[in-house]
Amino acid sequence: MRSSSTLLRTLVLAGCLLRPASTLAQDPAHSSQSAGAVDPSLRPTVIPAGAPKDAVGSSSLSRTEVSRRAVEVFGDSLILLTPPVIDSSAAAEPTWDMDVRSYETQERVAHYVTMFTGRSKDRIAAQLERGTRYEPMIRAKMKAGGLPEDMYYLALIESGFDNNAYSRAAAVGMWQFMTSTARGMGMRVDWWVDERRDPVKATGAAVRFIKGMRDQFGSLYLAAAAYNGGPGRVARGLARYADDLENTKGDDAFFVLAEKDYLHNETREYVPQLIAAALIAKEPKRYGMTLHPREPFAYDSVKVPASTPLVAIAKAAGSSIPEIRDLNPHLLRGMTPPRTSFLVRIPPGSGASFDSLFDAIPKAAKVATRVVESKKGDSVDRLAEKNRISSRSLLAFNPNLRRLKPSGRLVPGQSVLIPSPSVASAALDVPDPSIEKYSGGSKRLKVHTVKRGETVRTIARNYDTTPERIMKLNGMRKAVIFPGQSIVVSSTGRSSRSRR
C-alpha cells in the first residue's frame, strides 16, 4: 500500500489538474498582490499545461471524490495540511445567531437599513467602529449568559456604544440604565461612582436583564422591546391582544403586537432598528462603510487606597489621566471614593510594576481632598480662587453649601471639601446620579423595582395585594422575577411609559 504522504500528494495534485491552469492564474487567492494571498510555500503544486495525465492518475476523478477520499484517509487534519482555494469573487454569506433574515424585508426594517446606509451612514459607521473596542467582551458575556452574541448590536441602538451617553430621562451609559434599575441589578450608583458607565459591569447587568425578559416572554425580540419600553407594558399588551396572538409563535409575536396601536412609537421602532443594525454591521462594505477596528478593551486591575487621585494612578501606571479615565469611566470625581480601597483598571502590562511605582510617589501627591472651614466674608469665588480650582468644581464637591442673603457669601463655620487642582481637572462634569427625571404620566400606576432577595409573594405583601394580582398585571406565566426588573404592583388607570 502506498504511504499516506504519497497519497496526499497524489490527491492534491489530482485536485489541481481538475482546475484549468488559466483559472488558477486568474484566482485572486493565487495572486501575491491579493489581500488574502496564500503563502507560496503552502500552495499545492500546479502541473503545467500539457503534462501527461498519468503523471498523477486519471483526470476524470471528480473534485468531490478527491475531497471525500482525502477525508476518509486523513480526516479533518486535511484542512490543516492543505489550505482550501477560496474564490474571493463569491463572498461568504454572513450568518447571525438570531433571526434577522426572516424580517429583513419587513417594511420598518427596510426603512432603517435605508436610513442607516443613507443620511445616517457616517454616524452609524463611526459608532460601529467605536463598538469594535468592546465587541469581544460583549459577545463573550452574551454567550456566557445564554443569549445570542449578535444582541451585541443592541448597544448600538441604545447609545452608539458610548459609556457616557445620557438620555433626557436620565438613563445613563452604554446600556442606558436608570438609577433604580441599576441598583436593583447590583450596580453601584452614587455621587462618587456610577457603574452604569462601566462597560463591563453594565454589560453583565444588561445580559441578565435581557435573559430574564426572554425567559418571561419566550421571545428575544419581545425581550428587546421590554428592555426599551418596560416589561410591564409588553406583558399587558400580550394579555390584551391574546386572541390576535393565539397562533403566533416566537419572535413573530413582536411584529404582531407592533401593528397594534399600543406600544410607544420608540418601542415599535426599536426592534426593526436592531435588526437593521445587525444586517448592516455584518456586511459594512456592501453598504459603502469602511470600518477600522480598534484595540480591544483590555486592562490590568490593581487595588489602591481610598481617595486616591487619578493623576497618581496614571503616574504609577506610566499612563495619562485621559487613558485612566477611559478605562474607568465609572469614577466620576477624578479620584477613587473615600472610606475603602478600590479596584481600578490600568493599561495592560503595567500591573507588575504598579505597586512599587505607586509607593515611590510622594504622599502629598496622593492627597485628593482636604477640608477647610468657611470664614466670615468667604464666597465661593474667593475660596475657589484661593485653592486654584474653578467655582464650578468647588460647588460640585459641595452641593449643599449654605449662603447668606442677600450677599450670597458663605455661612461661616461650614466644612468645605476642597479637591486638589489635579482632582478637580480630572473630575467629570456630570449630574448627581441619584437625581433622576421621569416623564409625566398617570399617578394611578405604581411600579416597583425588584431588589435582591424579593419574591412576588413578599412584594405583594408589602403593597397589600396578592401574588396572583401582580402576575396578572404583568402578564406573568410564572412567579419568577429578578433584581432590577420593574413590575407593576397596582394600577387603576392607563399606565405611563416605564423605562427600565
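The values are calculated or read from the model by the stated rules, or taken from the named source; none is laboratory data. As the structure is a prediction and not an experimental result, all values here were calculated from the model. Positions of Cβ are backbone-derived with ideal geometry, glycine not excepted, and every protein chain shown enters the neighbour counts. Calculation scope for accessible area: heavy atoms of the full protein, side chains included, ligands and nucleic acids excluded. Shrake-Rupley method; radii C 1.70, N 1.55, O 1.52, S 1.80 Å.
Could you name the aspartates and glutamates whose alpha carbon sits less than 14 Å from that of residue 366, not counting residues in the same chain fewer than 8 places away? Residue 366 reaches 355. What FRET efficiency comes out for the pair residue 414/residue 353, r = Cβ-Cβ distance, R0 = 35 Å, nearest 0.05? Step by step, r from the Cβ atoms, then E = 0.25.
Structural size metrics of the range 132-177, computed from C-alpha coordinates, are Rg and Dmax of 11.0, 32 Å. Whole percent per 10 Å bin, from 0 to the bin with the longest distance: what is P(r) over all C-alpha pairs of the range 199-255? Using 10 Å bins, I get a P(r) of 25, 52, 17, 6, 0 for the range 199-255.
Note on residue 126/residue 106: beta-carbon distance plugged into 1/(1 + (r/R0)^6) with R0 of 25 Å gives a FRET efficiency of 0.45. The Rg/Rh ratio of the range 87-177, with Rg taken over Cα atoms and Rh as the Kirkwood radius over Cα pairs, comes to 1.00. Phi angles across the range 413-424 convert, under the Karplus curve 6.51 cos²θ - 1.76 cosθ + 1.60 with θ = phi - 60°, into 3J(HN,Hα) values of x, 7, 7, 10, 7, 10, x, 5, x, 5, 5, 4 Hz, Gly and Pro given as x. Rg then Dmax, both in Å and based on the Cα atoms of the range 308-421: 16.9, 57.
Working from label points 7 Å from Cα in the Cα-to-Cβ sense, the residue 429 to residue 381 distance is 1.8 nm. Each semi-axis of the equivalent ellipsoid for the range 261-333 is √(5λ) with λ an eigenvalue of the Cα gyration tensor; in descending order they amount to 39, 21, 9 Å. Were the residues from residue 372 through residue 403 laid out at 0.36 nm apart, the gain over their Cα-Cα distance would be 9.6 nm. Per residue, the range 356-416 exposes an accessible area of 70 Å² to a 1.4 Å probe, with every protein chain left in place. Stretching residue 490 away from residue 200 to a fully extended chain increases their span by 100.9 nm, per 0.36 nm per residue minus the current alpha-carbon distance.
Near residue 390: Cβ cut-off under 15 Å, other residues only, Lys/Arg at +1 and Asp/Glu at -1. The net charge is +2.
Note on the range 189-229: dipole from Cβ charges, positive end direction compared against 218, 199, 189; the farthest Cα belongs to 218. Protection proxy ranking, highest mean first, for peptides 106-119, 318-331, 350-363, 265-278: 265-278, 318-331, 106-119, 350-363, where packing is the per-residue count of other beta-carbon atoms within 10 Å, averaged. The distance between label points at residue 462 and residue 92 comes to 5.0 nm (points 7 Å beyond Cα on the Cα→Cβ vector). In the distance distribution for the range 97-137, Cα-Cα pairs more than 16 Å apart total 52 percent.
Two numbers describe the Cα atoms of the range 245-295: Rg and Dmax, which are 15.5, 48 Å. Projecting the Cα atoms of 340, 356, 420 onto the charge dipole of the range 336-426 (Cβ charges, centred on the Cα centre) puts 420 farthest toward the positive pole.
Test of understanding: express the Cα radius of gyration of the range 200-296 as a ratio to 2.2 N^0.38 Å, with N the residue count. Mind dumping the intermediate values first?
Values: Rg = 15.7 Å, N = 97, 2.2 N^0.38 = 12.5 Å.
Relative to the rule-of-thumb radius for its length, the range 200-296 sits at 1.25.
Couplings 3J(HN,Hα) for the range 276-282, derived from phi with the Karplus relation 6.51 cos²θ - 1.76 cosθ + 1.60 (θ = phi - 60°), are 4, 4, 5, 4, 6, 5, 7 Hz, where x marks Gly and Pro.
Estimated at 0.36 nm per residue, the fully extended path between residue 285 and residue 249 surpasses their Cα-Cα distance by 9.5 nm.
With the convex hull constructed from alpha-carbon coordinates only, the range 363-414 shows a mean projected area of 3.9 nm² over all directions. For residue 300 and residue 341, a Förster radius of 22 Å and the Cβ-Cβ distance give a FRET efficiency of 0.85, rounded to the nearest 0.05. For the cross-link pairs 363/405; 121/141; 260/478; 282/472; 143/249; 260/446, the ones whose C-alpha atoms lie over 32 Å apart are 363/405; 282/472.
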